[in-house]
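Where a number appears in this text, it was derived from the coordinates with a stated rule and is not lab data. Since we're looking at a predicted model, the values are computed, not measured. As a convention, Cβ positions derive from the backbone with ideal geometry for all residues, glycine included, and neighbour counts pool all protein chains shown.
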Amino acid sequence: MTTRRAFLQGTAATAAALTLGFRFAPASAQEAETVFRPNLWLRLHRDGRAVLVLGKSEMGQGVRTVLPAILAEELDLPLDRIAVEQALPGPDFRRLSTGGSTSVATLWAPLRKAGAAAREMLMAAAAQRWGVAPADCRTEPGFVVHPPSKRRLAYGALVAEAARLPVPKEPRLKDPAAFRHLGQRLPRFEGRDLVTGQAKFGSDLQLPGLKTAVVVRCPVLGGKVQRAQVEEARALAGVCAVVEVPTGIAVVADTAHQAFQAAQSLRVEWDEGPHAAFSSKAFEADLRGRLDAKGETARAEGDIAGALAGAARRVEALYTFPFQAHATLEPPMAIAQVESDGCDLWVGSQNPNALHERAARRLGLKPEQVRVHVTLMGGGFGRRLAWDFGMEAVEVAKASGLPVKLLWTRPDDLAFDWLHPMSLQRLRGGLAADGKPVAWQHQVAAPSILLAWMEGRRSPGIVPSETNGALDNPYGLPALEVTYHEAPYHGPLGWWRAIEAVPNVFARECFVDEMAVAAGKDPLAFRLDLLGPARTVTLGQDPVDLGRLRTVLTTAAQRAGWGKPLPKGRGRGLACAHFHGTYIAEVAEVAVDARGRIRVEKVTVVTDCGRVLNPLNAEAQMEGGIVWALSALRTQVTFEQGRVEQTGYGDFPVLDYGGMPEVDSHFIASTLDPTGLGEPPVLPLIPAVLNAVAAATGERLRTLPLPAERFA
Amino acid sequence: MARFQVVVNGRERAVEADGGTPLLWVLRDHMALTGTKFGCGEGVCGSCTVLLEGSAVRSCQVSLADASGKAITTIEGLSPDGTHPLQKAWVAEDVAQCGYCQPGFLMTAAGLLARKPRPTEADLREAFAGMVCRCGTYQRIRKAVRRAAKELAQGKEVRP
C-alpha cells in the first residue's frame, strides 16, 4: 500500500539502508591515499575536514545544522570541521526527498552509526600504527589519543590507513550523557551568510551566458495556446528568444526586467479547455453533496448508526477548509542548462530524484548525464516536492537552446501552485444522558492529493492518507466511524506544512470542544476522559502513546493557566495532535473586542518529540508552525471562471509582524529517539484559536478563512 | 537604454539600462548584488528593501531613473563583514530560518533605527507592516531589533 507517508519515507529508509549497509564507495587508488570514505555519506580528508554528503534539502528547517551535529557527535569532531555537500540524485542516491518532518527521525540512527564506525576505524588505524591495543585508545575532538603513552594523532593523518580497514558492523555508540553538541543551542549553520546577503539561493546563482526566462501560461488549468503574437516581444531590447513550451509561451531575455516586459507584450489567445467554468463556490457545493453520499470507510468501530440514533443528545457540525497555496517567499524558480550530451539543473527542490528522472526521460539522456543540484531555497513547505517548475525550465532551455533561469512571478505562484485542496468535514457526535460521549462520526470530503501525485494511479493508500488526523483520532468511543468522500478535481494538488492533516485535525479538535461544551464538561477534562489511561494503541498506521499525549495536554494547560479567570472578551482554547511520533498540545489565548475582532495574544505550546537535539531551532520550528497556522486562518485560494482569483500577499494575506502573538515553547524532557518538529505545531493551532474564541464569546467559527474584518 | 549613475554601498556605479528598470533588478542583474530579494514585485512583502538616502524603500517600486544620483545601501553594504549591530543581533537570536526574507527585514530595521534609535513596539509594527516571513520568525525579529537597539544605545553612551 502506498500512502503519502510511505511514499516520502521510502526515501529515507533507502538512504538509511545504504548507510547501515556501509556500501563502499569505489575510491580510486589515488583517492584512497588522501580520503577516507567509509560510505557514500561521509568523507574524511587528510586535512582533518569531514564532509557529510547531505541527502536532505535545507529550506529553513535546520537540517544543515542538526544532521552534521549528529555525525560530529559520534565521530568526535568539532562542528566547524564538518562541511556539507548536497547529494546528487542518480544511481548513487536514488531516493532523496525532504518532507513529513522525517529527516532527523530517520537519519538519527544511521548517522550516529556512520560516525561511530568511522571513529572506531580511526582508533584502530592509530592503534595499529602505535602497536597498541585499540581498547586503550580514546578520541578527543579531531584526534585519536593513547593516554598511557600520551601519544596523539590528528584524524587527517590516519585517513589512508583507516580507509584500508574493515567497517565495523556494530560500532559502539556514545552515551548520550556525554554528548557535546546535541542538546545544546546550536546556531544555524549558514547563519552569518543569511544576514550579510552572501547566502546563495537558487534565484541568486549565476552562470556564464545565463538568461532569464518567464512563461506566460493559460490562466485556466489545462488550457492551451491557440494563437500567439510574439513579434512585438521578439523585437524588444534584450529579448533572446520567444518559444512555445508545453505550459505556454516562454520569453527569454538578458535580464529579468526585460523578460517581464516582453512577457507583458505578448498577445496570446488561449483554448481554455474543459475547466473554464470551474468555480470554488460550486466545488464547495459539490463537496457538500458528497457528504450525503456513501463514503469509503477509513475506520469503523461499534454500531455508529445505532449509537447516534440512541444518543440522548446529538451534536453536528460542518467545517470548511479552503484551497490553500504554499506561497513560499522565494517564488518557484529553476536554472536549466541543456546540452546534447547532458543537462544541469540548479533548483530548490525537496524531491530532486523526481525531477532527475523526468528530465532524463524528457531529454532522452542517461541518468548519469543529468545533474540536479539542490540549492538553498526560500521556503519549501511541500511546494518544492513538485517538479513542475524544474521541468518547465528544462523545456524552456531545450526549446530556446539557451541556459535559462526561469522565474515565476508572485501571481504565477498563486495561479499555478499545487494547492492543498478544499476540504469539507462533517462531524456527528452522540452523548448519553449523563453527558458521556457514545458516538463519533467524522466524514471528510476532499479531492485526493495522493491520487494527483500518483498521476491518477489508484492506491489503497488514498483513504488512510486523506483522512490522516481523522483516522488516527486518539479519543476512545464505543462507536466511531471515519469515512472519506472523494471528489474529482482537475488541477495539480500538493501537500502542505503538516501534509494533509490540517483540515482533519482542525475539525476533530474543534468538534471535541463542541462535544465537551454540549456535555457541560471542561474541554481539558473531557479530552483526558476520552483518551483514557496512559497506554500505547495503534491508530491508523502509527502506534500512539496516549500517555505522552496526556502529558503534553496537561502540561500545556498548566503552563497557560488553564482554568484561571480571564477578563471579559478573553478566552483560552486548547487542542492537541500527534504526528509521526511527536505529541503536541497548544493553548491559545485570544481577545475578542466589541466589534468581534480577534487578536491572538499568546500561544503556549508543549511538545514531546523525544530527545531535543537543538533546542534553539526546536523553538524556532514551534514559532514557525504557529505562524503558518495563524496565516491559514486568513488565507484562501478561490477560483472563478476557472481562474485563481488571488494574485499576491495583498489578497493572500499571510500573517505579518503585527499579528504575531507571544509564543511560549516548552519541550517534555525525554531520552527517547528524536522525532519531527517542523510540522506538528501547525496542527493544534487553528482549533485552539477557534475554541478560544468560543470560550470568549460563545461563537463557533467553523468556516475558514475568517473574514479580514474579524482580525484586530 | 540610457546611462545612469548611482552610489551603491559607497561606490559610484554607472548602469546602462532602461530608466524604468526597478532598482531591485538593477542591483540583482546589473551589479550581481543578489542579497536583495524578489518576493512579490508589487511593494508588499518587503524582501527587496534597501536604504535610499538612508530611508527604507521597496526596491521593486523604485525605478532606476528615480534612484539616479542617489545613495543606496543594500544588505551587502550594511557592514563589510557582518558586524553591524543588527547583523550580530540577528545571529545571536538565530532569527533566520530559510533566510530569504531576512535582508529585507534587516534593512527595514536599519532604516528604523537610523531615524528612531529607541523604537517602541508600535514603531516596529509600523516599520514591518505588511512584510512577510513565511517561516514565521517575527518573535525573534522583535528580540533581535531590541538587542541591536540596546547595543547601539550603549555604544552612543560610551562614545564622547
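I'd like the FRET efficiency for A:Asp341 and A:Arg94, computed as 1/(1 + (r/R0)^6) with the beta carbon distance as r and R0 of 22 Å, rounded to 0.05.
Values: r = 22 Å, r/R0 = 1.02.
The calculated FRET efficiency here is 0.45.
When the Cα positions of A:Pro332, A:Ala309, A:Gly238 are compared along the charge dipole of chain A, A:Ala309 comes out farthest toward the positive end, with charges on each C-beta of Lys, Arg, Asp and Glu. If the label point is 7 Å along Cα→Cβ of A:Ser670, which residues in segment A:176-198 have backbone nitrogen under 13 Å from it? Answer for this model: none. Calculate the length of the line joining the C-alpha centroid of segment A:340-417 to that of segment B:106-160, in whole Å. Comparing the Cα centres of segment A:340-417 and segment B:106-160, I get a distance of 38 Å.
Principal axis analysis of the Cα atoms in segment A:548-654 yields extents of 49, 39, 22 Å, listed in decreasing size.
Counting Cα-Cα pairs of segment A:638-712 in 5 Å increments starting at 0 gives whole-percent bin shares of 3, 9, 15, 20, 17, 15, 10, 7, 4, 1, 0.
Note on segment B:18-58: Cα-only Rg and Dmax are 9.8, 25 Å.
So if each residue of separation counts as 0.36 nm, and I subtract the Cα-Cα distance between A:Thr538 and A:Leu165, what length gain in nm does that give? It would help to have the intermediate numbers written out before the result.
Values: separation 373, 0.36 × 373 = 134.28 nm, distance 4.38 nm.
This chain segment gains 129.9 nm when fully extended.
For the pair A:Gln264 and A:Gln206, label points projected 7 Å from Cα toward Cβ lie 2.6 nm apart. Per-residue mean of foreign Cβ neighbours for B:123-135 is 6 (Cβ atoms of other chains, 10 Å radius). The simple spin-label model puts a point 7 Å past each Cα toward its Cβ; for A:Ser279 and A:Met454 those points are separated by 3.4 nm. Partner shielding of B:99-107 amounts to 6, given as the average count of beta-carbon atoms from other chains within 10 Å of each residue beta-carbon. Within chain A, the whole DSSP H helices whose Cα atoms reach 30 Å or more along their own axis and whose mean Kyte-Doolittle score is at least -1.0 are A:103-130.
Ranked highest first by average number of other Cβ atoms within 10 Å, how do A:232-243, A:66-77 line up? Let's see the in-between values first.
Numbers: A:232-243: 17.8, A:66-77: 24.8.
Peptide ranking by packing, descending: A:66-77, A:232-243.
For segment A:492-572, what class follows from the C-alpha gyration tensor (a ≥ b ≥ c being the square roots of its eigenvalues): rounded when a/c is under 1.5, otherwise prolate if a/b is larger than b/c, else oblate? Spell out each step's value before the answer.
Values: a/c = 1.91, a/b = 1.32, b/c = 1.45.
Oblate shape, in that a/c is at least 1.5 and b/c is the bigger or equal ratio.
Each Lys and Arg adds +1 at its Cβ and each Asp and Glu adds -1 at its Cβ; summed about the Cα centre, chain A shows a dipole of about 1340 debye.
For peptide B:31-44, what's the mean number of Cβ atoms from other chains within 10 Å of each residue's Cβ?
Values: counts 0, 2, 2, 9, 9, 2, 7, 11, 9, 11, 8, 7, 2, 6.
Counting other chains' Cβ atoms within 10 Å and averaging over B:31-44 gives 6.
Phi angles across segment B:149-154 convert, under the Karplus curve 6.51 cos²θ - 1.76 cosθ + 1.60 with θ = phi - 60°, into 3J(HN,Hα) values of 4, 5, 5, 5, 5, 5 Hz, Gly and Pro given as x. For segment B:10-21, the Karplus equation 6.51 cos²θ - 1.76 cosθ + 1.60, evaluated at θ = phi - 60°, returns couplings of x, 10, 6, 10, 9, 10, 9, 6, 4, x, x, 4 Hz by residue, with Gly and Pro reported as x.
If eta is 1.002 mPa s and T is 20 °C, what Stokes-Einstein diffusion coefficient results for segment A:122-185, Kirkwood Rh from Cα pairs, in µm²/s? Could you put the intermediate results ahead of the total?
Values: Rh = 12.9 Å.
Estimated diffusion coefficient is 167 µm²/s.
Ranking A:Pro134, A:Leu210, A:Met454 by Cα position along the charge dipole of chain A, where only Lys, Arg, Asp and Glu carry charges on their C-beta atoms, puts A:Pro134 farthest toward the positive end. Residues of segment A:339-359 with an amide N closer than 12 Å to a point placed 7 Å from the Cα of A:Glu368 along the Cα-to-Cβ direction: none. Counting only DSSP H runs of at least 4 residues, each contributing -39500 (n - 2.57), and dividing by the residue count of chain A, the helix-based mean residue ellipticity at 222 nm comes to -9500 deg cm²/dmol. The alpha carbons of the protein assembly as shown occupy a box of 79, 78, 70 Å along the principal axes, longest dimension given first.
For segment A:651-675, list residues with backbone N below 14 Å from a point placed 7 Å from the Cα of B:Glu42 toward its Cβ? Backbone N within reach: A:651-654.
Going down the table (A:Lys174/B:Lys88; A:Lys56/A:Lys602; A:Lys224/A:Lys281; A:Lys366/A:Lys405; A:Lys568/A:Lys602), which pairs top 27 Å between alpha carbons?
A:Lys174/B:Lys88; A:Lys56/A:Lys602
Here the calculated FRET efficiency for B:Lys143 and A:Arg227, from their Cβ-Cβ distance with R0 = 60 Å, stands at 0.60, rounded to the nearest 0.05.
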